[in-house]
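Have a look at the structure below, then the notes.
The values are calculated or read from the model by the stated rules, or taken from the named source; none is laboratory data. What you see is a predicted model; the values in this text were computed from it and never measured. Cβ atoms come from the backbone with ideal geometry, glycine included; neighbour counts cover every protein chain shown.
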Amino acid sequence: MMRPFDQLTLMQFTWAALSILGFSIRTNMRGWKILLLALGGGLNWAAYLIVLYYSDALLFSIFCSTLLVCVYSEIVARLVKVPVSVFVTCVIIPLVPGRTLYYAMQGYIAGDSAAASEHTYKLLLISGTIAMAIAVVSSLTNILFRLKNRF
């Protein structure tokens with residue numbers, strides 16, 4: 001099993017950052033925003049790996065890493081004057097359960113409803129966890145700005 005701060009983690013951070021770099025170029029982002037998005041994507045995957053190593057809980061590690069990058073997105077998006085949703089959407093991509101979706105669809109096509117149901121259940125859990133973490137950070141940010149404007 002890999003350790004949280006070894007070369008493999010650094011390599012996976014780099015690949016996640018490079019994938020988001022390519023995605024942000026493809027979606028016509030410009031300037032420093034590209035590098036900030038790539039850093040967020042890399043941080044997302046690295047945080048996921050580190051929390052997964054220490055907790056050995058998939059959904060908890062997804063939740064924690066999503067919380068981290070959503071806070072990052074809230075701060076950085078305001079600094080570079082870009083909608084927060086642009087940042088959140090891009091930096092969450094490394095956690096999207098594409099493999100699980102693929103296996104669920106493969107199970108349905110092959111007629112293996114047990115495997116398909118299992119993968120669909122896992123897919124819904126992961127997607128719901130990501131959505132909950134985004135909602136928590138967005139709601140807390142909204143509350144903080146309302147309190148700031150009130151006082």
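Taking every residue in the stretch 14-37 that is free of Cβ contacts under 8 Å to residues at least 40 places away in the same chain and of a type in the set (Asp, Glu) and pairing it with any residue that is assigned to a loop (DSSP other than H, G, I, E, B) and surrounded by fewer than 19 Cβ atoms within 10 Å (Cβ to Cβ), at least 6 positions away or on another chain, yields no pair with a Cβ-Cβ distance below 9 Å. Taking each residue of the stretch 58-85 that is among the small types (Gly, Ala, Ser) and looking for partners that are loosely packed, with under 14 Cβ neighbours inside 10 Å and modelled with pLDDT under 95 with beta-carbon atoms closer than 7 Å, six or more apart or interchain, yields 61/55; 77/83. Could you check, for the stretch 22-39, whether at least one of its residues is under 25 Å from residue 142 (Cβ atoms), touching a Phe, Trp or Tyr at 6+ places or on another chain (Cβ under 7 Å) and assigned to a helix (DSSP H, G or I)? Checked against the condition, which is being under 25 Å from residue 142 (Cβ atoms), touching a Phe, Trp or Tyr at 6+ places or on another chain (Cβ under 7 Å) and assigned to a helix (DSSP H, G or I), the stretch 22-39 yields at least one hit. Any residue at all in the stretch 87-101 that's surrounded by fewer than 20 Cβ atoms within 10 Å (Cβ to Cβ), touching a residue at least 60 places away in the same chain (Cβ under 8 Å) and either part of a loop (DSSP other than H, G, I, E, B) or touching a Gly at 6+ places or on another chain (Cβ under 8 Å) (or both)? Taking every residue of the stretch 87-101 in turn, at least one turns out to be surrounded by fewer than 20 Cβ atoms within 10 Å (Cβ to Cβ), touching a residue at least 60 places away in the same chain (Cβ under 8 Å) and either part of a loop (DSSP other than H, G, I, E, B) or touching a Gly at 6+ places or on another chain (Cβ under 8 Å) (or both).
Yes/no per residue for (1) over 20 Å from residue 61 (Cα atoms); (2) part of a helix (DSSP H, G or I); (3) at pLDDT below 95:
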residue: 5; (1), (2), (3): no, no, yes
residue: 11; (1), (2), (3): no, yes, yes
residue: 44; (1), (2), (3): no, yes, no
residue: 49; (1), (2), (3): no, yes, yes
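Scanning the stretch 126-142 turns up at least one residue that is loosely packed, with under 15 Cβ neighbours inside 10 Å and modelled with pLDDT under 95.
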